[in-house]
Every structure is written in structure tokens, then in C-alpha cells.
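Accompanying notes for the structure given below.
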Amino acid sequence: MKLKLEAALAVEGTGIIRSGEILRLLRPPYLLHESPVLPEESIADAISRCGFVPSSEQFATWEEAICFLNKEVMERRRALNRELPDLISGSELVGVAPEDVLTKFLDRVEQELIPKGNFEHAENLLLAIVSSDAVTRYPSLVTRAAKLLLANQTLHKTTEAAICGLANRDLRFTSLEKHGELKKSVKLAEDIRKRGFFAPVA
């Protein structure tokens, strides 16, 4: 049976995969038994509210689907590193960069990195600026960088919450949800995962 990628959030390596009549949210660390089964309307919500992009990619196996999502993440990061080389993470270079260069960096963060969901790269650059000598040389630019840092963190959390919201629609647990037991079960599973073994819970 062919698998179809209905929508993807490439920068996060996450996709909604159709297998027959079943939709699954596939995301790192790509454990199939933990991938939520989603209702059909999740595709439209993921695209309109979570930044997913429609796709028509098809795969013969789950391994192929996982490899594709991994490859998308790596290609996005490689492209970004080619466009914004080591100077993004080099705080000493940021510290001596002239005002017009720092302004271009901030424009790029605001107009491209944050809107495209490249939150980690945006955060690295912004942290390099606010922790550099630019604080004393260009206080207004550092103020802008600090505001962008806050906006970036807020949007990143919102995106993660939206993905978690999709995952929480997991159709495998509708019975638990109806009886008000889903949150308790999720907490129990998390406690077990942290302990690394099963032990009776009082």
C-alpha cells in the first residue's frame, strides 16, 4: 500500500502521512507506534494554522517517508548555512560588524527566517547580536534584536503548541478522552518514560 505525504512542515521534519484510510502525524524521533492517528480535518488545520505545506509525495514504505522528511530538514539547514555562513554564529564577527550589516541581518531575521519557521537559526543570530559589543555601539539595533528574539520565541512556542494540538487529536485514544482519562494516561506514560521502567503508581 502506497503512503502519501499530505502536508509537511519541512523545517521541523514533520509530516501528515496517509496510509489507506488512516492519517498519521509523523515527527522526530519517528516512532511509528507513537505517531498520532489524526482526523481528516487535521490536514486543513495544519496548513492554515500550523505552517504546513501541501504535498503529493508518495512512498512505498514508512522508512522511505522518514528518509524524505529527514532529507528535507537537512537540505533546509544546508541551504541556510550556505546563505548565512559561519558569521551568524560567530559572535566576535557580529561584534565588529558595521551598522548596515547588522541591519541587514535583522531584516533577514524579520522578513525570512522567522516567517519561514527557521526559529533556531534566528535565535542563534539574535543571541549573538544581543550578547556582542554591538550593545554599546548600536543600542537601537540591539533593542530591535531583543524584540525580535521575543517574537521568535513566542512564535516558536505557538508553532510547537499547534503541532502538539494536532497530536492531541489522536483518534486512538478517543475512548479515554470521552471518559476524561486521556490527560491522566498521558501523564502516567510520561512518568513511566522518565523512570525508564514500569512500576506501580499509587
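Any read-out appearing in this document is the output of simple, stated calculations on the displayed coordinates, not a laboratory observation. Computed from a predicted model, the values in this text were never measured in an experiment. Please note: Cβ atoms are built from the backbone with ideal geometry, for glycine as well, and neighbour counts cover all protein chains shown.
With q set to 0.21 Å⁻¹, the log10 of I(q)/I(0) for segment 1-73, from the Debye formula over equal scatterers at the Cα positions, is -0.83.
So if each residue of separation counts as 0.36 nm, and I subtract the Cα-Cα distance between Ala161 and Glu120, what length gain in nm does that give?
Numbers: separation 41, 0.36 × 41 = 14.76 nm, distance 1.63 nm.
Value of the extension gain: 13.1 nm.
The order of Ser56, Ser35, Ser19, Ser132, going from fewest to most other C-beta atoms within 10 Å of their C-beta, is Ser56, Ser19, Ser35, Ser132.
Which order do Asp107, Asp100 fall in if you start with the one that has the fewest other Cβ atoms within 10 Å? The partial results should precede the final answer.
On the way: Asp107 11, Asp100 8.
Fewest-to-most Cβ neighbours within 10 Å comes out as Asp100, Asp107.
Among His121, His156, which comes first, second and so on when ranked by fewest other beta-carbon atoms within 10 Å?
His156, His121
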